[in-house]
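> This structure is in structure tokens; I'll ask about it shortly.
The values are calculated or read from the model by the stated rules, or taken from the named source; none is laboratory data. Predicted model, so just to flag it, every value in this text is computed and none were measured. Using ideal geometry, Cβ is built from the backbone for each residue, glycine included, and neighbour counts are taken over all protein chains shown.
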Amino acid sequence: MKKDTRKYGINSKRGRQPTNLDPFKPEEALKEPSLCTTCKTVYQQQRWSLDQEEYRKLENDPKTNWITCPACQKIAAGYPEGIVTLSGSYLWKHEEEIQQILKNEEHKALEKNPFERVIRKIRDDDKLVIETTDKKLAEHLGRVLHKAHRGKLDISWAGDPDLCRVNWERML
């Protein structure tokens, strides 16, 4: 059975909102191969990776395109898609352990997806605020911390553009 596309067109999702509203995602396909000048990620076969061996091979190739990847653009613009706020007296008593957990999870996420990065960590009075380039990374950091140290976890998805806010608190 053939889909009737007369009313909506081939690309229409029947009036639904597009699922990806990332303003840093290029609208047109990138030329391949492309390398990021900042973080040394490689774009090949419509995929981004942190393959340093491939980067060294393509680095001197005249056909290579040099660009700034979307994650580096978000970092430069200070555009977080996720904000994790950690608070409570427990946080500062176990700061080193918690920072190590966050660092390990960031490293694991970066290996899977080179666009999942921490933009910055800000110590604001009795809170630690972490800004991430990806919504799911923020949620993941909150869930991992909650699993390891309990406490109160609150995750909310809201805003325009879509933003994930994660609040974790533990007093003692």
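> Out of the helices (runs of 4 or more DSSP H) lying entirely within region 26-139, which hold 2 or more residues that are out of contact with any Ser or Thr (no Cβ under 9 Å at 6 or more places or on another chain) and loosely packed, with under 14 Cβ neighbours inside 10 Å? I'd like the intermediate steps shown before the answer.
Details: elements: 52-59, 70-77, 89-93, 95-112.
Answer list for region 26-139: 52-59, 89-93, 95-112.
> Name the pairs whose Cβ atoms lie under 6 Å apart, with the first residue in region 96-111 and closer than 16 Å to Arg143 by Cα, the second acidic (Asp, Glu), and 6 or more positions between them or separate chains?
Partner pairs satisfying both residue conditions: Ala109/Glu116.
> Being farther than 16 Å from Gln100 by Cα, among the charged types (D, E, K, R), out of contact with any strand residue (DSSP E or B) (no Cβ under 6 Å at 6 or more places or on another chain) and not in a strand (DSSP E or B) is the requirement here; does Lys147 meet it?
Criteria not met by Lys147.
> Here is a follow-up. Output yes when any residue across region 117-132 is out of contact with any helix residue (DSSP H, G or I) (no Cβ under 6 Å at 6 or more places or on another chain) and closer than 27 Å to Lys31 by Cα, and no when none is.
Within region 117-132, not a single residue is out of contact with any helix residue (DSSP H, G or I) (no Cβ under 6 Å at 6 or more places or on another chain) and closer than 27 Å to Lys31 by Cα.
> Then there is this: Of Lys121, Lys127, which residue is closer than 20 Å to Ala71 by Cβ and of a type outside the set (Ser, Thr, Tyr)?
Lys121
> I'd like to check something: does region 21-37 contain any residue that is polar (S, T, N, Q) and at pLDDT 90 or above?
Within region 21-37 (the criterion being polar (S, T, N, Q) and at pLDDT 90 or above), the answer is yes, since at least one residue qualifies.
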